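Below is one structure, written out as structure tokens; the observations come after it.
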Amino acid sequence: MLDKAGLVELLRGHDTVVSSVHFTASDPHILIDAVKAAGVKRYLVVGGAGSLEVKPGIGLIDTPDFPEAYKAEAGGGAAFLDLLRQEQDLDWTFLSPSLQFLPGERTGKFRLGKDELLSTEKGSVISFEDYAVALVDEIENPAHRRQRFTVGY
């Protein structure tokens, strides 16, 4: 259980908050309410790939090969994103990684997308390091306000 009042105090005075939590172990209502109550101007959420579309209207989570072990977490991420999309009073961004989100190297060379899973002949991949570059770029130069976007090679 999250302590909203304690969270508000921790967040107060910050311009931007980056949230990277397990969706199944958190309450998006409390997180969003705490960010707003603290007066934070920007809220960025480290999302998952499960809610990205593989075809129009078909999420990765809904494909037959999506691992059962990840469905609860991916479903929680999709629900968090849905809640953000209804939010009228918060400047938020939700960044979904590619299907394979792995340690690697920082290249600074990647593609950005919206709601569709990015993929090449090598698959759907992004390194932790390049994901972090995309996240910091979004903080410093906001281009996806009140949107989800994704990053991949």
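FYI, it's all coordinate maths here, none of it is from the lab. None of the values given here were measured: they were computed from a predicted structure. Glycine gets a Cβ as well: all are built from the backbone with ideal geometry, and neighbour counts include every protein chain shown.
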Per-residue ellipticity at 222 nm attributable to helices in the chain (runs of n ≥ 4 DSSP H, -39500 (n - 2.57) apiece, nearest 500 deg cm²/dmol) works out to -10500 deg cm²/dmol
Cα-centre dipole for the stretch 67-119 with unit charges at Cβ (Lys and Arg positive, Asp and Glu negative), debye to 20:
340 debye
Tell me, what is the percent relative contact order of the chain, built from C-alpha pairs under 8 Å that lie six or more residues apart?
23 percent
What would the Debye formula give as log10 I(q)/I(0) at q = 0.10, 0.17, 0.18, 0.21 Å⁻¹ for the alpha-carbon point model of the stretch 4-152, no solvent?
-0.34, -0.97, -1.08, -1.38
Of the beta bridges DSSP finds with both residues in the stretch 26-140, what % are antiparallel, to the nearest 5?
25 percent
GluC sites (Glu not before Pro), restricted to the stretch 52-153: which are DSSP loop and have at most 12 other Cβ atoms within 10 Å?
GLU105, GLU121
Out of the trypsin sites (Lys or Arg not before Pro) in the stretch 30-100, which ones are loop residues according to DSSP with at most 12 other C-beta atoms within 10 Å?
LYS41
